[in-house]
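Worksheet for the structure shown next.
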Amino acid sequence: MDEGRRWAIETFGANGVYVRERVSLEVRAEHIASADAQEASGHRSLGVYGEFWRGILERFEAFGKLPGATLFRPGEAPYNIPVINGVAMFPWRYGRSRDRELASTPFTTSPAREAMFDLGGLELQGEFDLGVRRPELTDEEQELVNLVEKARESEIVTSGKLVVVAISSSPSGLHEVRWGDVSLTGDGCLTFGFSESLLNLKAAAAPKPYAVPDGDWTFTSGDLPEKNIGLPGDEDDEITSDDSSDG
């Protein structure tokens, strides 16, 4: 079994493989939309693309509508993040070039970021087993799903983890998309337990979305076209509101 798919199932249960593929596609979709908006603006400043953080957070809210998931507002943040199978997930644009070091970039730059590590008081709703086979899972993966669900019911597996989707991007390209479960270092940076790059993840047969309570909250299926947009000027002109103003 592919290591990335295994980890996704162990972390998010039956939704794991679907979430893994959708995360990759949604980040790419937001990058394309943000780069298009930047190009259309005609601005030398890259502040339009700098609003990437708002767009990706809005896209990730749809994960909170999956079975067994909910939305959580960390601290006084002006946004919600999804909690799937008791595991919170946060998209974080940590850099705008290939040279930015993820391990040395401070994460806890606001009380909201610190609050993501504490889901105390959050009511988590379990997923009802309707006996529906997930089409994207192999027989081996379905067996693993069953084991993970039994373990959670027996409280052998504890929830409350934080998964960060770390993104480095600019209008000129999507440089890195890496996700995994994280813990904090003494200086407020992140240490990954498991980590996987989703940058080149291909979903040749992207799974169809499952039924969700609100018909307005669905994902589109299918892969997205590759698109890299270059703009004249120095990327240092970019307004990095995504690094400092997301709560």
Quiz item: Kirkwood-based Rg over Rh for the range 1-110 (C-alpha set), two decimals?
Solution: 1.00
Quiz item: If packing is taken as the mean number of other Cβ atoms within 10 Å per residue, what is the order of 8-21, 165-178, 31-44, highest first?
Solution: 8-21, 165-178, 31-44
Practice problem: Provide Rg over Rh for the range 34-82; use the alpha carbon set for both Rg and the Kirkwood Rh (inverse mean inverse pair distance). | Solution: 1.15
Quiz prompt | Whole-number percent relative contact order across the range 22-128, with pairs defined as alpha carbons under 8 Å at least 6 apart | solution = 22 percent
Quiz item: Amide H of Gly160: which non-local residues (sequence gap of 5 or more, or other chain) have their own amide H closer than 5 Å, using H built in the peptide plane?
Solution: Val87, Ala88
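A short reminder: the numbers here are calculations on the coordinates, not readings from a lab. As the structure is a prediction and not an experimental result, all values here were calculated from the model. Because the Cβ atoms are built from the backbone with ideal geometry, glycine has one as well, and the counts that use them run over all protein chains shown.
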